[in-house]
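Remarks on the structure that follows.
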């Protein structure tokens, strides 16, 4: 299966993360369909088959864990995509929780580009193998060590984007600046209710 043939569903509600992931995927040769909630994930799965879902854990209306459990419970084995958790949680307990919920692997935010490439390549190879055999039940190989966000992440992103790197980085910063005040307000409102 060629990389461009891999059917990817990106489940992500944060606009900055959407922009970042879609740009990275495009740059490494993949197209993706976007869902902003777990409910949208299920609706899109009813209309289209996917090889992999890059699933944010915390989304409005329905979170990634609930969506994953429903997918695993209600779709036939041949319709089951690989589901990769996208999360800022890097603890071993969190990883185990996501795997126990039916996810196949975990990518920690900020996503390491080489880890994403490795997972997508593994899914493409597994998808090729499954055209001749039933689904392989083994889990993906372990990912690289988790990173804390630092300047090297932005440098890697800019390098990946090539000539558009600086403009893409500026767009991300602007999206972050415009989206953060609303997020802070939501956090303050939620904390005041407790």
Added length on full extension, which subtracts the Cα-Cα distance from 0.36 nm per residue, residue 69 to residue 122: 16.8 nm
Rg ratio (alpha-carbon, reference 2.2 N^0.38 Å) - region 3-145: 0.95
Over region 1-74, relative contact order from alpha-carbon pairs under 8 Å, at least 6 apart, %: 37
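Each reported figure results from applying straightforward, stated rules to the coordinates on display, with no laboratory input. All values reported here derive from a predicted model rather than from experimental measurement.
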